[in-house]
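Structure record follows, encoded as structure tokens.
The values are calculated or read from the model by the stated rules, or taken from the named source; none is laboratory data. All figures in this text were calculated on a predicted structure; none of them were measured in a lab. Glycine gets a Cβ as well: all are built from the backbone with ideal geometry, and neighbour counts include every protein chain shown. Areas reflect the complete protein model, heavy atoms only, side chains present, ligands, DNA and RNA absent. Shrake-Rupley method; radii C 1.70, N 1.55, O 1.52, S 1.80 Å.
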Amino acid sequence: MEIIEKAGETIRKYCMLSEGDHVLAALSGGPDSVCLLTILNKLKAEYNFVLSAAYIDHGLRPDESPLEIDFCKKLCGLLDIPFSTKAVDVKSHAKNLKMSRQQAARQLRYEALEGIALNISANKLAFGHNADDQAETILMRLIRGSGPTGLSGIPPARKTNIRNLQIIRPLIEIERAAIEKFLSTEKITFIVDSSNLKDDYIRNRIRHFIVPEIKKINNGFIDTISKTSNIFRDEERYFEMIVTKTLMKLITRKTEDTIELFSSPMEGIDTAILRRVIRRSAHETKGLGGIGFVHIEDIINLIKSGKSGDRIFLPKNIRAIKGYSTVIITSKKPLTLASYTIDGPGEIVLRESSVVLKISAKEIGEIKDYGNGKNSAVIDAGKINFPLLIRPRMPGDYFYPIGFGKKKKLQDFFVDDKIPKDERDAIPLIISNGNIVWIAGLRLDDRYKVDKDTKRVLQLEIRHMKV
């Protein structure tokens, strides 16, 4: 049959199958997945692979899911194919991670299928995406805004994060009409997912309204898009090789939620490559999944035009910070200073701020340098009482900045001094009798300055720790 031959061509073209493979087919009971399972079952003798199937219950359609599971189980029984099912909680996952149900369903579906594949030692995970799905995906990305990578569409085959497990899509170059014709001719039944009939989702609106209008202009639109995505994909493969080599020279540090890159080399990299470098960096760093095309442009602008200390704040608590020689992109929660007390002269380590505070008692005649009020300051010892409290900012904090002449809210001071929002909670405030004495690293309070009546002084110093 033509559709089986076409699927075989796609399998050979993208090297999807090898002798001895164990293929796990994602089965929903819908026309695409039923067609996929049927074709794979017809091809398994030719390619000499083992075939299994699995249904993932997302918990979103409790009235329909049991019927679909029963249908899939019976279909697999007729074809003598091992069948598994797994339930996932999409609603809770979406709520906990603050993502759409569609995103949550996709993430959990792939994780569940990968888990089943591991349990049954399958090395290929087959999905029923077809050429129409490809066209709809590309249109959806074009509407939302996407670069060449997004417009290359759904990859026919790709690796997963699990060793030796690959995703394959044998129907990706076959149109939905051909699938439906095959099922009808072969008198193969399937189930229609009610959510595919609604126009609540952008994909369905594209499928039901936009694609039919485009086909009036170009009846071969689906095939055209399929070929265009192939061109994009070939070009992206070449660019990705360049990006890999570039990133190897740029990365200085990487954790689950942070990536640090040398900034100077990036300033001279062509924007087309730099976009891909940042996108790959975000994609391969677990906590940076919220970065999109617009955010990448903002990061590029920071790299090329920003000054040391400049930063931008992006969705999902992600921020990009330009340092002297690096750019840090992170979703790590900003540190908040703990509260400390110091009973007298000495040193104390303030780990959250990565500084050491040193307090020295001296006679006024010993002081040769009164400091700049930032990294060091000298105060009248007679105006304070030990123990001193060291804490982060609190709502309603105020002080009298030296040289300012009047009271000022701490929040206003931070804004006027352009102190980044993500650093403010880690700035140490030295407190005596409930009043701010010194904003360590920034400004002394006028009430505690040395005057003509001062006899004894305290010298306050902060020293930055190496991290």
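Kindly indicate whether D416 is within 33 Å of the chain's Cα centre (by Cα), surrounded by fewer than 16 Cβ atoms within 10 Å (Cβ to Cβ) and of a type in the set (D, E).
Judged against the criteria, D416 is a match.
Quick test of your reading of the structure: L302 fulfils all but one of (1) free of Cβ contacts under 8 Å to residues at least 40 places away in the same chain; (2) part of a helix (DSSP H, G or I); (3) open to solvent by 80 Å² or more (accessible area, probe 1.4 Å). Name the failing condition by number.
Looking at each condition in turn, L302 falls short on (3).
How many residues are without any contact (Cβ under 8 Å) to a residue 60 or more places away in the chain, among the aliphatic types (A, V, I, L, M) and open to solvent by 90 Å² or more (accessible area, probe 1.4 Å) when one looks only at region 65-115?
Counting residues in region 65-115 that are without any contact (Cβ under 8 Å) to a residue 60 or more places away in the chain, among the aliphatic types (A, V, I, L, M) and open to solvent by 90 Å² or more (accessible area, probe 1.4 Å) gives 1.
Kindly indicate whether I222 is touching a Cys at 6+ places or on another chain (Cβ under 8 Å), open to solvent by less than 60 Å² (accessible area, probe 1.4 Å), aliphatic (A, V, I, L, M) and modelled with pLDDT of 90 or more.
So I222 fails the test.
Only one of these conditions is not met by L250: (1) open to solvent by less than 20 Å² (accessible area, probe 1.4 Å); (2) at pLDDT 90 or above; (3) in contact with a Lys or Arg (Cβ under 9 Å, 6 or more places away or on another chain); (4) of a type in the set (A, V, I, L, M, F, W, C). Which number is it?
It is condition (3) that L250 fails.
Looking at region 122-136, is at least one residue closer than 24 Å to L151 by Cβ, surrounded by 21 or more Cβ atoms within 10 Å (Cβ to Cβ), touching a Ser or Thr at 6+ places or on another chain (Cβ under 8 Å) and among the polar types (S, T, N, Q)?
yes
Of all residues in region 256-291, which are in contact (Cβ under 8 Å) with a residue 12 or more places away in the chain, open to solvent by 20 Å² or more (accessible area, probe 1.4 Å) and either polar (S, T, N, Q) or closer than 20 Å to G323 by Cβ (or both)?
Answer for region 256-291, where residues must be in contact (Cβ under 8 Å) with a residue 12 or more places away in the chain, open to solvent by 20 Å² or more (accessible area, probe 1.4 Å) and either polar (S, T, N, Q) or closer than 20 Å to G323 by Cβ (or both): D257, E260, F262, S264, P265, E267, I269, T271, G287, I291.
Looking at region 284-329, which of its residues are more than 30 Å from L389 (Cβ to Cβ) and polar (S, T, N, Q)?
Selection gives T285, N301, S305, S308, S325, T326.
Does G150 fit the bill of being surrounded by 13 or more Cβ atoms within 10 Å (Cβ to Cβ), under 20 Å from Q102 (Cβ atoms) and in contact with a Lys or Arg (Cβ under 6 Å, 6 or more places away or on another chain)?
Numbers: surrounded by 13 or more Cβ atoms within 10 Å (Cβ to Cβ): yes; under 20 Å from Q102 (Cβ atoms): yes; in contact with a Lys or Arg (Cβ under 6 Å, 6 or more places away or on another chain): yes.
Spelling it out, G150 is indeed surrounded by 13 or more Cβ atoms within 10 Å (Cβ to Cβ), under 20 Å from Q102 (Cβ atoms) and in contact with a Lys or Arg (Cβ under 6 Å, 6 or more places away or on another chain).
Where in region 168-251 are there helices (runs of 4 or more DSSP H), lying wholly inside it, with at least 1 residues that are more than 28 Å from the chain's Cα centre (by Cα) and of a type in the set (A, V, I, L, M, F, W, C)?
Hits in region 168-251: 176-185, 211-217, 221-250.
Taking G396 as the residue in question, decide whether it is touching a residue at least 60 places away in the same chain (Cβ under 8 Å) and either surrounded by fewer than 20 Cβ atoms within 10 Å (Cβ to Cβ) or of a type outside the set (F, W, Y) (or both).
Criteria not met by G396.
Would you mind telling me which numbered condition in (1) open to solvent by less than 90 Å² (accessible area, probe 1.4 Å); (2) more than 34 Å from the chain's Cα centre (by Cα) K409 fails?
(1)
Could you check region 356-372 and list, in sequence order, the residues that are more than 21 Å from Y340 (Cβ to Cβ) and either open to solvent by less than 70 Å² (accessible area, probe 1.4 Å) or in a helix (DSSP H, G or I) (or both)?
Scanning region 356-372 gives K362, I364, G365, E366, I367, G371.
Go through region 373-385 and give me each residue that's open to solvent by less than 20 Å² (accessible area, probe 1.4 Å), assigned to a loop (DSSP other than H, G, I, E, B) and not aliphatic (A, V, I, L, M).
G373
Identify all residues within region 199-219 that are open to solvent by 100 Å² or more (accessible area, probe 1.4 Å) and within 27 Å of G290 (Cβ to Cβ); write none if there are none.
If the condition is that a residue be open to solvent by 100 Å² or more (accessible area, probe 1.4 Å) and within 27 Å of G290 (Cβ to Cβ), then D200, R205 are the ones that fit.
Which strands (runs of 3 or more DSSP E) does region 1-119 wholly contain that include 1 or more residues that are basic (K, R)?
Details: elements: 22-26, 50-57, 83-87.
Here the list reads 83-87.
Within region 330-344, how many residues are in contact with a Ser or Thr (Cβ under 8 Å, 6 or more places away or on another chain), modelled with pLDDT under 95 and open to solvent by less than 80 Å² (accessible area, probe 1.4 Å)?
Of the residues in region 330-344, 2 are in contact with a Ser or Thr (Cβ under 8 Å, 6 or more places away or on another chain), modelled with pLDDT under 95 and open to solvent by less than 80 Å² (accessible area, probe 1.4 Å).
Which of the residues that make up region 441-452 are touching a residue at least 12 places away in the same chain (Cβ under 8 Å) and either open to solvent by 60 Å² or more (accessible area, probe 1.4 Å) or in contact with an Asp or Glu (Cβ under 9 Å, 6 or more places away or on another chain) (or both)?
Residues satisfying the conditions are L442, R443, R447, Y448, K449, V450, D451.
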